[in-house]
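Just below is one structure, and these are the notes that go with it.
Bear in mind these aren't lab numbers, they're just calculated from the coordinates by the rules spelled out. Worth saying up front: this structure is predicted, and the values here are computed from it rather than measured. Reconstructed Cβ throughout: ideal geometry from the backbone, glycine too, with neighbour counts over all protein chains shown.
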Amino acid sequence: MESRGLFLGILARELKGMDTVVGYSDVQLRTQLATTTRILHEHGILDYSGHISARAPGRDALFVQQRTDPRSGVAPEGILLVDFNGNVLEGAPGKPPSETEIHIQILKARPDVNSVIHSHLEMAVLFSMMKNTPIQPIRVRATRWKTGVPVHQDPSHIKATDQGVSLAKTLANHNAALIRGHGMVLVAESVPALMIDCIHFDENAKAYLAILNSGREAVPLTEQDVYAIEGRELREHHIGKLWKYYVQNGRESGLLPKDWKAA
Ligand SMILES: [Zn+2]
C-alpha cells in the first residue's frame, strides 16, 4: 500500500508538469514496463524469471520490477527506481531482481540504449548451447541482429558488478547477446521498441531452428538484403503499429487494465 501511495504521489506531481523530462515521463516508463512485462509473459518470452529495465531520464538510475513479483501481474506502482549502485530510491522495501547488475552495467556502457531485457527465453538458451551454430538473421525483421549475436561463455547468474561489466563487454555494440545455458539480453532505444524486438527475435530464432530441424540449408539475409531492408525501414511506425496491436489485444483480453493510459 505504501508503494501505491508513493506512486499516486509521483503521479500527482507529474500531472502538475513537474519532473517530466523530454521523451517519456516516469509514470509512462513505469506503465510501459508493466505493460511490456505482462505481454512478454503472455508470449512465453518471460516466465517465472526475467526482467526489463528502463533508463530513468537524466539520472544514473533505472526503473525495474521487484524481484519476486510474478511477471503476469506487474503493475506500474510496484516498479522500483534503483540507482547505478543498486540502491532503491523509490519503492523500498521492495528488492530489485538479483541480476540487476545486467541492466546497470549495460545502461552504463551503452548511452544509446534506454531499455534492456534479460530473459531465459527457450530459443536463446537452446542456441547458446549449440556448438558453432550462431543465430542467423533470416527473417526481414532480423536486421537488428545483422552484426551478430555473441554468446557470453560464463553461464552463471550475474549478481556481481564485474560479471555485469563482463557481459556488457560481450554485448559490446550488438543489440543482443546470449548467455550460455542461461538466457539472453536484448537492448533497444525504448521499452516499446524492446518489446517488438523481443517478438521478432523469437520469431527469427524459431524460423531458423525449424530450418535446421528440416535438414535444409538456411538462406541468411545478405549485406545487400540488410541494406535494402534498412533503406525502406520505418522503425518508429512499425513499433507504434505493433505496440498498438498488442496493447489493444491485452486490454480486450483483460491482461492489461483499461485505465493504464500513460503508455
Ligand atoms: Zn538469468
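Descriptive notes on the structure:
- As for region 101-115, it holds no residue that is out of contact with any helix residue (DSSP H, G or I) (no Cβ under 8 Å at 6 or more places or on another chain), part of a loop (DSSP other than H, G, I, E, B) and within 13 Å of the ligand (Cβ to nearest atom).
- Looking only at region 219-263, and only at residues there that are among the polar types (S, T, N, Q) and part of a helix (DSSP H, G or I), the one that is surrounded by the most Cβ atoms within 10 Å (Cβ to Cβ): 249
- Residue 149 fulfils the conditions (1) surrounded by fewer than 24 Cβ atoms within 10 Å (Cβ to Cβ); (2) in contact (Cβ under 8 Å) with a residue 24 or more places away in the chain; (3) more than 16 Å from the ligand (Cβ to nearest atom); (4) within 28 Å of residue 217 (Cα to Cα) except for a single criterion, (1).
- Residue tally, condition buried (at least 18 other Cβ atoms within 10 Å of the Cβ) and outside any loop (DSSP other than H, G, I, E, B), over region 116-128: 9
- Residue check for residue 81: over 13 Å from the mean Cα position of the chain (by Cα), in contact (Cβ under 8 Å) with a residue 12 or more places away in the chain and assigned to a strand (DSSP E or B): yes
- If you go through region 45-65 and keep only what is surrounded by 19 or more Cβ atoms within 10 Å (Cβ to Cβ) and either free of Cβ contacts under 8 Å to residues at least 60 places away in the same chain or not small (Gly, Ala, Ser) (or both), you end up with 45, 46, 51, 52, 55, 56, 61, 62, 63, 64, 65.
- Residue in region 173-191 that is assigned to a strand (DSSP E or B) and away from the ligand (no atom under 16 Å from the Cβ) present: yes
- Here is the figure for region 45-65: residues that are of a type outside the set (Asp, Glu), within 16 Å of the ligand (Cβ to nearest atom) and assigned to a loop (DSSP other than H, G, I, E, B) total 6.
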